[in-house]
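So the structure is just underneath, and the comments pick up after that.
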Amino acid sequence: MNQQLIECVPNFSEGRDLSIIKQITNEIESIEGVKLLDVDPGAATNRTVVTFVGTPQAVVDAAFKAIVKAGELIDMSKHSGEHARMGATDVCPFIPVANISMEETANWAIKLAQKVGESTKIPVYLYGESQPNKKRHVLSIIRSGEYEGFFEKIKKPEWKPDFGPQEYSAKSGATTIGARDFLIAYNINLNTKSTRIANRIAFDVRENGRVKRIGNPYTGKIVTDENGKTVRQLGTCKAVQAVGWYIDEYNVAQVSANLTNYRITPIHTFFDEVQKSCINRGVRITGSELVGLIPLKAMLDAGKHYLKKQGRSLGVSEEELIHIAIKSMGLDELGPFDPNKKIIEYQLKNDSDEHLINLSAKKLAQETASESMAPGGGSISAYVGSLGVSLGTMVANLSANKPGWEEKLSTFSDWAEVGQTIQKELLFLVDEDTRSFNQIIDAIRMAKDTEHEKKIRLDAIQNASKYAAEIPFKVMQTSYKSLDLLKAMLEIGNPASISDTGVGALCCLTAIEGAYMNVRINTKDLDDKEFADRLNQKANNLMSQAKENLSLIIDQVHASIQ
């Protein structure tokens, strides 16, 4: 069963005393089953955004310990900072990451809120998907009045906390706990110190916009509807909250934003809209900063967006797309931007899962030549297949950038993206083939002292052997996906690269035949003969198709260069 994972991003009202922050994060790391991903303190905001991920119960336990410790160490009566706040742990959101629904995530957040309310003197408000009362499910509405205003606000019947005492603690304040979608906290730096200008830009782009006025947009009479309600002029970006402020630490004004749904307004769209507003107001963006983590898709989409604006092929590597996104939005202006630390999927990635493909070409060759049985023919078949499709992708990218072929850019760019997808699948299979072999070894080493242990061991060996046969067949299937790309490059690609197309086809054919050998040898001793026969028949058919179709490409290449 796939493990359920929840991300938790508590915001603590301390961004200057690193010893306090460390004591809080120590509480999080003391819980087994969670991984601390990011700690992002801000001196000007006097606020630290912490990100960790784990199984649901572990996340609840870690968040509870952190909230208690923050309440002990942070004195809100002495707190000041640029960011709105209402308590030592200002907000503690849960975000579904893997194999868990939003509804389940919301229920886990409620469990945490109840535990905090019952075990401490901290008033707790639910928000987001955990709050059934839609009149008070928005964080900004709950936090309105901030720390200073809550002493009176909490006494009102409509603002009774969901859990905990209806009494405001001067030291720890109150906290808000709930579940939400992934939120990108993002600040754009301006070449001005003016908070007024930054705010006007923020009002131009945020969903809630600004109050509509007659005449002067800043001092004119406020427009109201027939019911006397203030009319608002909406901003250009939906699902975006934004404000302008001055950051003394950087000596610049910023447009500070929360992108509450990056699928509705991607980070690059928000950046471009801010840029438009800046140009209209005689201001320039100098760079930007990400607070906390960002999903990989958001960075890849941004990279593709800016490559497209540059008239370049989109079929480049993840690394290149991320580099383009960083440079296009100036994410490294205030400090280094390390994708391995700032992209959530990279934080969750286990480096041991990519041991082979993280080696240099020289090291991989040396590892293969060593006395170890793995990597063997299966992993090398997958790697050779990845080289084959990479050559086809290279031809597509070269053709996309060929002078005079500008009208063909989108066609070649599409083919290059297809190639990048196939390459990524094959690179995964390089390590997966070795992992499947290691599972057989692990099964062989299982205890066999009793009849029960012998049966368990035999079943484990058979199941691991089946999987070890399925992986090379997957290598065959994935390598064969390269056929259409290679045929297209042979027919419409840059003629100067025809030999590269031919070598790509040779690599793919080698990968398929090599993987075919591994399918056959791994099914040879299986007890489940029906499974073995079925898989071998599929592999036979695919091998025949590959030989016929890839050989045609190879023959055509030879004929073309005679």
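The values are calculated or read from the model by the stated rules, or taken from the named source; none is laboratory data. Note that this is a predicted model, so its numbers are computed, not measured. Neighbour counts are summed over all protein chains in view; Cβ atoms, including those assigned to glycine, are modelled from backbone coordinates with ideal geometry.
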Note on SER328: of the conditions (1) in contact with a His (Cβ under 8 Å, 6 or more places away or on another chain); (2) of a type outside the set (A, V, I, L, M); (3) part of a loop (DSSP other than H, G, I, E, B), unmet is (3)
Per the list (1) surrounded by 15 or more Cβ atoms within 10 Å (Cβ to Cβ); (2) of a type outside the set (Lys, Arg); (3) free of Cβ contacts under 8 Å to residues at least 60 places away in the same chain, residue check on PRO157 breaks on (1)
Contact list, first residue from the range 32-52 and in the same structural domain as ILE74 (by TED's automatic domain parsing), second anywhere and in a strand (DSSP E or B) and acidic (Asp, Glu), beta-carbon distance below 6 Å, six or more apart or interchain, is VAL49/ASP40; THR51/ASP38
If you go through THR421, THR434, THR393, the only one that is closer than 30 Å to SER317 by Cβ and free of Cβ contacts under 8 Å to residues at least 12 places away in the same chain is THR421
Reported set for the range 160-180 where residues are surrounded by 15 or more Cβ atoms within 10 Å (Cβ to Cβ) and among the small types (Gly, Ala, Ser) is GLY164, SER169, SER172, GLY173, ALA174, GLY178, ALA179
Expected single match for part of a loop (DSSP other than H, G, I, E, B) and in contact (Cβ under 8 Å) with a residue 40 or more places away in the chain among TYR246, TYR262 is TYR262
In the range 2-31, anything aliphatic (A, V, I, L, M) and either closer than 21 Å to PRO295 by Cβ or in the same structural domain as LEU334 (by TED's automatic domain parsing) (or both) is listed as LEU5, ILE6, VAL9
Flagged in the range 399-409 as modelled with pLDDT of 95 or more and either in contact with a His (Cβ under 9 Å, 6 or more places away or on another chain) or under 9 Å from SER313 (Cβ atoms) (or both), in numbering order, are SER399, ALA400, LEU409
* Residue in the range 421-429 that is among the charged types (D, E, K, R), surrounded by fewer than 18 Cβ atoms within 10 Å (Cβ to Cβ) and closer than 29 Å to GLN310 by Cα present -> yes
Among residues of the range 195-229 being surrounded by 10 or more Cβ atoms within 10 Å (Cβ to Cβ) and of a type in the set (Gly, Ala, Ser), the residue farthest from TYR250 (Cα to Cα) is GLY220
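Per-residue answers, yes or no, for (1) at pLDDT 95 or above; (2) out of contact with any Gly (no Cβ under 9 Å at 6 or more places or on another chain):
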site	(1), (2)
LEU18	no, yes
GLY33	no, no
VAL39	no, yes
GLY42	no, no
VAL53	no, yes
GLN57	yes, no
Among helices (runs of 4 or more DSSP H) completely within the range 465-562, the ones holding 2 or more residues that are in contact with a Pro (Cβ under 7 Å, 6 or more places away or on another chain) are 498-523
Looking at the range 238-254, can you tell me whether even one residue there is surrounded by 14 or more Cβ atoms within 10 Å (Cβ to Cβ), closer than 23 Å to ILE326 by Cα and among the acidic types (Asp, Glu)? no
Practice item. Evaluate the range 28-44: report whether one residue or more is part of a helix (DSSP H, G or I) and surrounded by 20 or more Cβ atoms within 10 Å (Cβ to Cβ). Key: yes
